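Accompanying notes for the structure given below.
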Amino acid sequence: MGAVRILLIEDDRLVAGMIRDTLAAEGWEVTVREDGGSGLAEIKDETPYDLIITDYELPGVDGVRLARCAHRASPEACAGRHVYGKLRRVGGARRWR
């Protein structure tokens, strides 16, 4: 079995770089796209990814719409477990709940 293939769709370059570096240090293959449109094109054009990590607020196509489109484009790639979270503002910062 090859390396785990991860598609990271994040428009903040600093955040994307930190996540990419952390995942790559674990030996995972990480492809980064900076907007929903290019992320969706990647999903449609490439071999299925093992995991897709997406920001909620993206230029072009938001994360929810991207997930729906990805599922329609490649249901077999989206048949695994899904984790959902909500962000809320706490003292000016966003936190998962």
- Report yes if some residue within region 18-41 is hydrophobic (A, V, I, L, M, F, W, C) and either closer than 15 Å to CYS69 by Cα or in contact with a Pro (Cβ under 7 Å, 6 or more places away or on another chain) (or both); otherwise report no. yes
- So is LEU14 surrounded by 13 or more Cβ atoms within 10 Å (Cβ to Cβ), at negative phi and either modelled with pLDDT of 80 or more or touching a helix residue (DSSP H, G or I) at 6+ places or on another chain (Cβ under 8 Å) (or both) or not? no
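The values are calculated or read from the model by the stated rules, or taken from the named source; none is laboratory data. Because the structure is predicted, anything quoted here is derived from the model rather than measured. Cβ sites come from the backbone with ideal geometry, for glycine too, and all protein chains shown count toward neighbours.
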